[in-house]
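Worksheet for the structure shown next.
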Amino acid sequence: MKLSYIYLLFVFLFLCQGSLGQALYAQVDPILPFGIEPYAGSNGICFFDFYVNNFFDLDVVSNYVSCNILLPVSVTTTCQMATIRTSHSTTTTLVKTTMTSDSSVFNNIQLQIILFNGTSFSVNLNRTSEVPLTYNCKTIPENLAFTHSITEARLLNTSYSISTFRFQSYLTLDPAYERPIPDELFSILPTVGFKINTRYIKGSTYLLTFDFLQGDPGPAFLLAFMVKLGSLGSYQVTVPLTYGKYPNVAMDSKVHYPFKNTPNIGNYLQYKSVDSSMNVAPVFYQDFTPLFGQSFANFSIYFKNTAYTDITGQYVMGNSWKNLGVIFARTTYESLSFSFVYPKPTYLTFNIDTFKNYHYRFKFYFDEMDTPNYYYYPFGMINTLANSITYQYQVFLKDYENLLILNCGVETVTQYPNNANNGTDTMPPTVESYSLLPLNETLSVLRLELSDNLSGVYFAKLITDGHVYYIKIENLVMGDIVGGTYELLVPFKKRTSFNLTIYDNAGNVASYSNDLLHYHMGVPQMVGEPLLASLLSTFYFDKNSVSVANSPVDVVLYADLVESGQNKTNRVDWNSLYLKVFISRLAKPLEVVGRFNTSKQLYQFPFTIPQKLMNGNLNYSLYINEQQVNSDTLIGVFGSQAQVFIDNPGEFDMMFPIVTQFLFSPNDTTSSSPLLQFSLTLDEPMKKVVVQIVGDYDHTGKNYTFVDNEPISINFQVDSARCRPQFYFIRYMYTEDLYGNKGEYIRHSSTGMHQFYKFPDLDLPQDVYYYPYISCPSTVVDTNPPSISSLFVQQVSDIHGQQVNITFIANDNTGMSSQDIPLCVFHARNNNYFAANATILLSGPNSIKFQCLISIPIGVPPQLLLSIYGIMDLHFNYIGFTAIDLGAEGQFTLTPFTKPIISSLSFDNTTNTVILTGHNFAASLSGVNITFDGTSSQIYNGISTNTTIILTNIPLAYNYSIQVIGADHSLSNSVIFIRAVPTDFSSSSLSSSDSSVGTPPPSPTPVVGCKSDCSVGQGYGKCVNGGCVCNSPHSGLDCKSVVDTKPVIKPNPVKPSVNITIPGTSSSESPQFTSFIYVVALRELDNTDTLINNYEFNSDKWILVNEGSFSNEQVTTVAYKYLIDNSYNTTIVSTVQVFEKETNVTFGNQQLFMNPSTIKFTFNITSYPFTKSTNSLQLVMTAALESTEKVACSYKEFVDDENSSQYLTLQIEDRSLFGRFIKFGMIDGREQVVTNTQLDNIYGGKELSKSTSDQSYIGLNIPYYTKYALLDPDFSVLIEQNTARDQSNSICTKESKKLTNAQIAGIVVGGVVFILILAAVVIYRLSISSKGSFRMAIKLRKIMGK
C-alpha cells in the first residue's frame, strides 16, 4: 500500500519533534459521566475514554493497527481507537482505555499509534494548547471509617403504577469518599431472593434499588440482608415487609375478569384482604395499574399481558410467594388478510380484509415513518359483506425504491418488491448544517440542510429523551429533496442535545449519534442524570403533602438553573424546561412547560392533582433541554422538598364510569319500523356519556349524549323505508365521571381498560346474541350498491392555502341516503392522507350531488391520488372507490401555492415584539403591512426565515391587522389581533403608568385531550390543546357542522348588540331564522355566589366610540362605551367585530380562528371597587334564536371541553347559534382562568325554551383585579349535520298528526299574525311592569323600537 506524501510528512514531524524543540499535541475531550473520575473497580482497573478532536490525518487512520497509552509511571494499560467522524482531511476519534490504579496523578500522557508497517509515533494529549490532560486512577481509600446512613426502604407504589416488587433506599457515605463508586462493588449477601441496582446521585449519595426475585410459591426468603461494598464493609437492609401492616398481608378473595385488549388480553382484578384495616398494597410480581378501591384492603387493578406465554399471578404473604389463583392469558392476534393489487407504474393498491363483519380500529404506516394512519369509518372501506369487510388504500411508489414495506398493527410487516424503480441508490443521505433560531421563552425555529445524491431525502427523525420530531417534505423551504433546507418550529433551545436519523427514498438510512453531531456541527453533548441534576440551583414544590380525599389540589413546582434564569438570554436562547407528571396510566401524562415568574425569579410549573387520587408518592420527571431527570434522582439531590405525597388513605378513584347492567329490547322484532331500546347502568355518577348505536349495514347509526347523571335510556327508531335485516349494537362509548376520569370503548378494538370489561362476551364472535336483531320481513331488500357519475376535481383559489374542490353525483335506482355522508380522501407522495366529508349540493329522489373541499398543507408533493368512500343507498348498500376505480379523475396534480401565508401570531408586551409563523416567507424580509387603530404603515426591519418573522418595537395600539409581503410582492392573508393592554377611547380611564404592563405569562401547556376526534380523518379539523380547531367552513364542538355564511348580520349602531337574520325561501320549505345577542348586566358576587351588586345596562346609556369603529373588506368593527356610576367610574368598552373573511385573531397568547360571518365581542372593563378582595364580577350576556317554522324542535346545551373553552349551542331544526366562551381572560395584563356559567335558572328557567325559539344567559366570571379585565367570546351561525329532533333532550312541537310545512302554513295563515302581535304586546307590557326582568322581553323591546 502506498502512503501519501502528507502521511509521510506527518510521520517525519513526529519522529523529528525532539530536534524541532517543540512537541505536537492533540486536543482531547475526556468522557466523565459523573463530572469527575470514579474510583477504580474491584480489580483495581479504571476505565477512561476520551475523544481526540479533529486531529489525525485520514491516511493515519486508514493505516492504523493499534494504540497504546504511555504514562510516566509503570502501570498496565489497554487502548482501542475508533473513528467517530471524518471531515475533509482529518478525523475525530474515540479512544477507550483502561489502566491500573496508582496513587499519583498521571500527566504528560501520550497516545502511541502503531501503523501497519510496524512503525509508530506518539502524540501528547492536552485539554487545551496550554493545559495537558491529567488523570488519576485511584482506588477506594481503605483507611477511612466506614460511616454511612441509609434511608428506610420504601416499596414503589404510586398512582401511576403498583410496582411493589421493587423497593428503594438512599445510601449516604462519609464525605471523604469523594468519587463515585463503581456499581460492580455493590453486592448482596446472601445472593438469593433479591437483586440490586445502584445509581450515583451526587457527592457520596447513591440510590439503591432492590428487586424481589420471583420464586415458586412456598420457600421463604430473608426479611433482611447485607449489602457489601467492596472491601470497605457491609450494612444491613431491612425488607419493607417488616414495616407497618405488611406482616398481616393475606388475601381473602379476588374477582378476575379477562377481556379482549386487541391484540392482547386485558385483566381486571379485584383484591380483597383478610384484614379490613389493611393500609398497604401487597407485593405483586406484576406491574399493575391501580383503578379504584375503598382502601388497600379492597381495591381493583388492571394488567395487560403482552407476552407470548401465560403468566401466573403471585403475591407475597409473610416472606414467601403465594399464588393469586389467577392466570393472565397470553397474547392472541386477530386475523387480517393483506394483499397487494392493481400495480401501476407510479402507485400500488393494497387490500385489508377482515374475516368477520367487524370494524377493527387497525392502523398502518409505510416504510420507517412510524406515524400511523388509523381506520375510522368510512376511511378505506370499499365494500361490506355478511362475513367480511374490505378496505383498500393507495400508496405511491418512490423512485429508486426497491421494496415497499407496509406495517399494519403490531403483528404484520408486508413487503412488496418494486420492479418499476428507476435505478439503484446505495448511498445514505447526509446532514450538511444545523442551526436554531430562538423566538421566545418556549419556541425556536430548527433549520437543517439535508442532502441525498440520487433518490432524495424522504424524511428525518430528530430524537430526544422526551420527543421525536419529524422533518418531512412539508418542511422543505429551499432547494429540493436532493439538497435542500428544512425548517420546523420546535419547543426547545440551543443547549438541547439530540440524535438524528435520516431516510432517503431508496430506503438508505444515515444515523447520526449525538457524539457525531457534536463534533460534526456543534450540537450540545448529552450528559448523565447526575450532571443534569447538578444544573439545578433551586428545586421545590409549594406543597409536599396534599390531601385529595375531598377536592383536587393545585400544586406549583419552582425551579431554577445554576445559570440563573434571571438572565433572560439564558431563558430565551439557551435553556428550556418542562415537567411531566404521571398521574394515571389511564390518561396521558401531564406535560407542563416551565414559565419564568418574574416576581419570584424562578421557573414555575403549575398543575392540579385530581380528587380521589390513590395514596402514595407523586411520580414525575423534569426535562432540562429535552433530557430527562426522574423524580428518584431529584429527591436524592434536593431531599423531601422535591417530593409530593398524596395523602388519601381511604377511597380512591382513578377509573371512569363502567357499565354494570346492560339491557335491550326487543330481542327480535318483525316490525317494519322497529323501536329498539337500550338501557345502561353505570357504577358511579357521571358527568357525560356518549353512546353510538350502529348496525351490521347501518354504519353511520346515531349518537346519543347524556349529561349530569341523567338515566342512559336510548330509543332507536328504525325508519320503515330503511328497514333491513341486521343486528344493532353499541360500537362506541365515552364516559366521564365527576372527578374528570375519562374512558372510551371501541367494539372489538379497545386496547386498554374499558367500560364493558364485565361483559367479555361482547368482544367474542357470538356477541350478536347480546344485541337486538330486526328481521324486516315486509321489506324487499335491494342489494345493488350505488354508482357515481359526473366526477369533477378542481383546485380553487384561496388566500389561506391550497384547496381542492371535488364534486360528484351518487346514483341509485331505489334511492340515495342523505344521512350517510361520503368521505373524499387524497393520498400524497409523502404517504400522508388528507380528507374531508362531503356536503350535499343538490338532492333528488335517486341521486345526490355532493361536494368535498379538501385543504392540502403547503409543501405537500403535488401528485395526489383520490378515493371516495362511504356512499350508501337507502337499503344500506355500501360502496367506496379508489383511484384505480375513478380513472383519470383519480389522479390529480396540485399547483403549489407560492404566496405567503400567516398561520399563527404571538405578541410580547414587554418588548412590543410580534412573532409570525407560516409559509412562503422571504428569507430576507420583503416587508410587512401593519394597520394599528386604523393607521396603516409598512415595516421592513425584522428577522425573517422562510417560516418565521420577528418584528420588534411595533407601535403601541389596541387593534392590529398584519399582512406579509412576499418576495414576489404578493400579499398574504391578514391576521387581526388585540393587544392585551387596554386603550381608553375617552382618554381619562388609566394613567400612563397603567398602560405598560408586564409580559402575560402564557397558560401552562394544556394536557387534556379532545372529547371527539375533531373529524380529523375527514379533514374537518384537529385536536389542539384539548379543543377542536376546525378547518373552514367547518365548525362546532366536533367540526362536523358547517358555518352558514348567508345570514344578514347587523351590529346595532348605538348599543353592543347584534341582530342576525337567516333568510328563508318564499315557498316556506326553508324557514327564516332570527337571532339576537346582547350584553345584559354586570354583577358582583361573593365567594358563595351571593349577589352583592347588580348593574343592569340601560341601552340608552351606551356611547358609540367612533375612534374604535371602522370597516374594511375583512372585518367590520364597532366600539361602544358604558360608564357605571360607582366610586371608580368603572368603564366597559365593548367592541363588536363581524368578520367577512377567514381570519386568525390573537387574544393574549392564544390563536383564535374566525370563520366568515363570525361575530366576536371583546369586553374591556376598567378598575372596579370590589367590596372584598375575595369577590368576583360576572358579566351577563344573552343570546336567542327563533324560527318562523311552526312545527319544529329546539335543542340547547352548554358544554365544557375541559380545557380551553366552553360552548353554547341554541339549535332549531338544522340551524344553530354557536357561542364560544374561552376560559381565560387578560386580567391585569396576565392570562388568568375565567369560567363561564349558564344563568338560565336566574333569568327564566324552562320558560326560555320553546320548540321554535330558545334563549340562554351566560355569565362570564371575572376574578378580582385592580386595573382591567379583557374578555373575548364569539358567535357563529352553523348548519348542523344532525337536526334538533335527533338530540335526546330536544323540545318539539306536539303534533296530533304529521303535517307538511305547506299544510301547516295554510292552516295557520291569517291567525298566526294576530297571535304573534298579541303575544308580543302582552310580553312587552309584562316586561315594563317588571323592570328588573330581562328574558325574551329584551329582544321584543328591541324589535318594537323601545
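The values are calculated or read from the model by the stated rules, or taken from the named source; none is laboratory data. Computed from a prediction, not measured in an experiment: that's the story for all the values here. No Cβ is skipped: glycine too gets one built from the backbone with ideal geometry, and neighbour counts run over all protein chains shown. Accessible surface is based on the protein model in full, side chains and every heavy atom, while ligands, DNA and RNA are left aside. Shrake-Rupley method; radii C 1.70, N 1.55, O 1.52, S 1.80 Å.
Remarks
- Selected residue (criterion: nearest to the chain's Cα centre (by Cα)) from residues of the stretch 849-875 that are under 26 Å from residue 813 (Cβ atoms) and open to solvent by 10 Å² or more (accessible area, probe 1.4 Å): 851
- Top-ranked residue in the stretch 1214-1250 [being over 27 Å from residue 1177 (Cβ atoms) and crowded, with 22+ Cβ neighbours inside 10 Å; ranked as farthest from the chain's Cα centre (by Cα)]: 1215
- Neighbours by Cβ (under 6 Å, 6+ apart or cross-chain): first from the stretch 874-897, on the phi > 0 side of the Ramachandran plot; second basic (Lys, Arg) and in a loop (DSSP other than H, G, I, E, B): 876/724
- Residue check, residue 57 under 11 Å from residue 97 (Cα atoms), of a type in the set (Asp, Glu), open to solvent by less than 60 Å² (accessible area, probe 1.4 Å) and touching a residue at least 24 places away in the same chain (Cβ under 8 Å): no
- Some residue of the stretch 174-187 being surrounded by 19 or more Cβ atoms within 10 Å (Cβ to Cβ) and of a type in the set (S, T, N, Q): no
- Candidate set from the stretch 964-976 (those that are buried (at least 19 other Cβ atoms within 10 Å of the Cβ) and over 29 Å from the mean Cα position of the chain (by Cα)); member that is nearest to residue 1109 (Cα to Cα): 964
- Checking each residue in the stretch 1109-1124 for being out of contact with any Gly (no Cβ under 6 Å at 6 or more places or on another chain) and under 15 Å from residue 1165 (Cβ atoms) picks out 1120, 1121, 1122, 1123, 1124.
Condition check ((1) part of a strand (DSSP E or B); (2) modelled with pLDDT under 75; (3) touching a His at 6+ places or on another chain (Cβ under 8 Å)) across all residues:
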position	(1), (2), (3)
370	no, yes, no
394	yes, no, yes
414	yes, yes, no
420	no, yes, no
426	no, no, no
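- Only listed residue being open to solvent by 50 Å² or more (accessible area, probe 1.4 Å) and without any contact (Cβ under 8 Å) to a residue 12 or more places away in the chain, chosen from 708, 761: 761
- Residues in the stretch 201-231 that are in contact with a helix residue (DSSP H, G or I) (Cβ under 8 Å, 6 or more places away or on another chain), of a type in the set (A, V, I, L, M) and surrounded by 14 or more Cβ atoms within 10 Å (Cβ to Cβ): 201, 207, 223, 229.
- One residue stands out in the stretch 659-674 among those that are modelled with pLDDT of 85 or more and not in a strand (DSSP E or B): the one that is nearest to residue 711 (Cα to Cα), namely 666.
- With respect to (1) closer than 26 Å to residue 1110 by Cβ; (2) within 29 Å of the chain's Cα centre (by Cα); (3) of a type outside the set (A, V, I, L, M); (4) in a loop (DSSP other than H, G, I, E, B), the lone exception for residue 921 is condition (1).
- All conditions in (1) over 29 Å from the mean Cα position of the chain (by Cα); (2) open to solvent by less than 20 Å² (accessible area, probe 1.4 Å) hold for residue 464, with the sole exception of (1).
- Residue 783 vs. criteria of a type in the set (S, T, N, Q) and touching a Cys at 6+ places or on another chain (Cβ under 6 Å): no
- Segments classed as strands (runs of 3 or more DSSP E), wholly inside the stretch 192-281, with at least 2 members that are within 38 Å of the chain's Cα centre (by Cα): 194-202, 205-212, 251-261, 264-273
- Check on residue 318, farther than 22 Å from residue 268 by Cβ and either surrounded by fewer than 13 Cβ atoms within 10 Å (Cβ to Cβ) or small (Gly, Ala, Ser) (or both): yes
- Residue check: residue 883 meets all listed conditions (1) modelled with pLDDT of 90 or more; (2) within 27 Å of residue 819 (Cα to Cα); (3) open to solvent by 10 Å² or more (accessible area, probe 1.4 Å) but one, namely (3).
- Among residues of the stretch 526-565, those that are of a type outside the set (A, V, I, L, M) and closer than 28 Å to residue 493 by Cα, counted: 15
- Only one of the listed residues (55, 34) is modelled with pLDDT of 75 or more, within 55 Å of the chain's Cα centre (by Cα) and more than 29 Å from residue 186 (Cβ to Cβ). That residue is 55.
- Residues that are assigned to a strand (DSSP E or B), out of contact with any Ser or Thr (no Cβ under 6 Å at 6 or more places or on another chain) and not aromatic (Phe, Trp, Tyr), drawn from the stretch 152-165: 154, 162, 163, 164
- Within the stretch 950-970, tally of residues that are under 23 Å from residue 897 (Cβ atoms) and part of a loop (DSSP other than H, G, I, E, B): 5
- Scanning the stretch 1097-1113 for residues that are open to solvent by 70 Å² or more (accessible area, probe 1.4 Å) and more than 30 Å from residue 935 (Cα to Cα) yields one hit, 1100.
- Residues within the stretch 1120-1133 that are part of a loop (DSSP other than H, G, I, E, B) and under 16 Å from residue 1054 (Cβ atoms), tallied: 0
- All strands (runs of 3 or more DSSP E) inside the stretch 741-854 with 1 or more residues being under 30 Å from residue 290 (Cα atoms): 742-746
- Here residue 1095 fulfils each of the conditions (1) free of Cβ contacts under 8 Å to residues at least 24 places away in the same chain; (2) more than 28 Å from residue 1191 (Cα to Cα); (3) hydroxyl-bearing (Ser, Thr, Tyr); (4) assigned to a strand (DSSP E or B) apart from (1).
- Count of the stretch 1098-1119 residues, restricted to those that are out of contact with any Asp or Glu (no Cβ under 7 Å at 6 or more places or on another chain) and either in a loop (DSSP other than H, G, I, E, B) or within 30 Å of residue 1029 (Cα to Cα) (or both), is 11.
- Elements of type strands (runs of 3 or more DSSP E) contained in the stretch 500-563, each with 1 or more residues being within 30 Å of residue 417 (Cα to Cα) and of a type in the set (Ser, Thr, Tyr): 509-512
- Taking first residues from the stretch 666-683 that are touching a residue at least 60 places away in the same chain (Cβ under 8 Å) and partners that are small (Gly, Ala, Ser) and open to solvent by 60 Å² or more (accessible area, probe 1.4 Å), the Cβ contacts under 6 Å between residues at least 6 apart in sequence or on separate chains come to 672/720; 672/778.
- Boolean, residue 253 is under 25 Å from residue 208 (Cβ atoms) and surrounded by fewer than 16 Cβ atoms within 10 Å (Cβ to Cβ): no
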